[in-house]
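Okay, so here's the structure we're looking at.
The values are calculated or read from the model by the stated rules, or taken from the named source; none is laboratory data. Just so you know, these numbers come straight off a predicted model, no measurement behind them. Using ideal geometry, Cβ is built from the backbone for each residue, glycine included, and neighbour counts are taken over all protein chains shown.
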Amino acid sequence: MSKDLIKMNYLVCEDLMCKIVIHELKRGVGANFIYPIIGIQKYGWVFSGSDVNKESIKWAEEQIIQKNNSLKFHFNSPIRYQENDEQILDGVINIKCDKFDFTICNPPFFDSQEQRNARYSSVCPINQTEDQTSGGEIGFLCRLAHESAKYRNNIKWFTSLIGKKTTFEFMKTYLKEMILDSSDHMDDGIDYDILIATGEIEEGQTKRWLIGWKFINFNEENNS
């Protein structure tokens, strides 16, 4: 129950940060489709989504989306298939035409099968692609941060739930340092700053952290 409340509170925080939501992208919708279900049923948001697992995509589309009219109306099918599990936004976003108010994700937690096996003493309740990735949680978020610079004009806010406080503290510093070296990430000659929003969610003995960031165009700010 506490995990479901964590997911709900994550979306509540998104609602407060961006009150008028037109379009949201969920990375890793999963077979249970839980984040789009909550966002659509409770807030009426419009969703797109991606996943690296074809079986999860097939199940979510056939057993959840197609059997619920509200989900069909508010979800832009099909779910986008991410062919490269080392990529997050690359390969699923069309830089020429896609526009999103924000992205959400719950990063894979483990770096290796050994870490995963140590956590689960019996049969794991979720698919491996949902909780294991190269570099674990911190590796995933660093890749997301680097890719986000490329899509700074497509997405207003990039956000994520975080499971480890050490990752949370690292990412706050990492994002600030990343924007300082803008020549590696920006190709339009414009000076950018980065706005970072953070928060915490605690349900019972479970605590999670939230981080969001957006790119600010200095030229637009000075001309407004």
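Quick one: residue 139 ticks every box in (1) part of a helix (DSSP H, G or I); (2) under 24 Å from residue 54 (Cα atoms); (3) at pLDDT below 60; (4) not basic (Lys, Arg) bar one, so which box is it?
(3)
Quick grid of which residues meet (1) under 24 Å from residue 34 (Cβ atoms); (2) modelled with pLDDT under 90; (3) assigned to a helix (DSSP H, G or I):
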position	(1), (2), (3)
118	no, yes, yes
129	yes, yes, yes
159	yes, no, no
183	no, yes, yes
190	no, yes, no
207	yes, yes, no
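Search the range 79-92 for residues that are small (Gly, Ala, Ser) and modelled with pLDDT of 90 or more and pair each with any residue that is surrounded by fewer than 19 Cβ atoms within 10 Å (Cβ to Cβ) and part of a loop (DSSP other than H, G, I, E, B) when their beta-carbon atoms are under 9 Å apart and the residues are at least 6 apart or on different chains.
91/83; 91/84
Please name all residue pairs, on different chains or six or more residues apart, with Cβ atoms under 6 Å, provided the first residue is in the range 18-39 and is aliphatic (A, V, I, L, M) and modelled with pLDDT under 70 and the second residue is buried (at least 17 other Cβ atoms within 10 Å of the Cβ) and in a strand (DSSP E or B).
Partner pairs satisfying both residue conditions: 21/101; 22/101; 25/48; 25/100; 25/103.
So, in the range 60-95, of the ones that are assigned to a helix (DSSP H, G or I), of a type outside the set (D, E, K, R) and touching a helix residue (DSSP H, G or I) at 6+ places or on another chain (Cβ under 9 Å), which residue ends up surrounded by the fewest Cβ atoms within 10 Å (Cβ to Cβ)? Break it down stepwise before answering.
Step one: filter the range 60-95 for residues assigned to a helix (DSSP H, G or I), giving 60-65, 69-74.
Still in the running and of a type outside the set (D, E, K, R): 60, 63-65, 69-71, 73-74.
Keeping just the survivors that are touching a helix residue (DSSP H, G or I) at 6+ places or on another chain (Cβ under 9 Å) gives 60, 64-65, 70-71, 73-74.
Values: 60: 26, 64: 19, 65: 24, 70: 12, 71: 20, 73: 10, 74: 19.
For the range 60-95, the residue satisfying everything is 73.
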